[in-house]
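Scroll down for the structure; my scribbles are underneath it.
The values are calculated or read from the model by the stated rules, or taken from the named source; none is laboratory data. Fair warning: this is a prediction, and the values are worked out from it, not measured in the lab. All Cβ positions, even for glycine, are placed from backbone atoms using ideal geometry, and neighbour counts span all protein chains on display.
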């Protein structure tokens, strides 16, 4: 028995063009996705930078608020502006308040 040689199947031009179009569409979609991901990464980095700057600004404002409300600053302003003084022993021990247990309810 002789094996018959089968003739090579030729790919038609139509199928080749269809395959080429499908491949090009897939490549365009893939490249478009890569570009979109890169644009999102750039936007994400910009937002992270803005958040970092805002956090630095918040830290500076918080430090400034703590400095402005410190006891020494308030005491100096009260002394200069309103002529108020602070005494370390501001508690008047001669005027004690005594409560009975029944009054605490």
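For the reader, a short list of remarks on this structure follows.
- Exactly one residue among 26, 98 is free of Cβ contacts under 8 Å to residues at least 40 places away in the same chain and part of a helix (DSSP H, G or I), and that residue is 26.
- Among the residues making up region 1-23, those that are at pLDDT below 95 and assigned to a helix (DSSP H, G or I) are 13, 14, 15, 16.
- Test: residue 67 is without any contact (Cβ under 8 Å) to a residue 24 or more places away in the chain, touching a helix residue (DSSP H, G or I) at 6+ places or on another chain (Cβ under 9 Å) and assigned to a helix (DSSP H, G or I): yes
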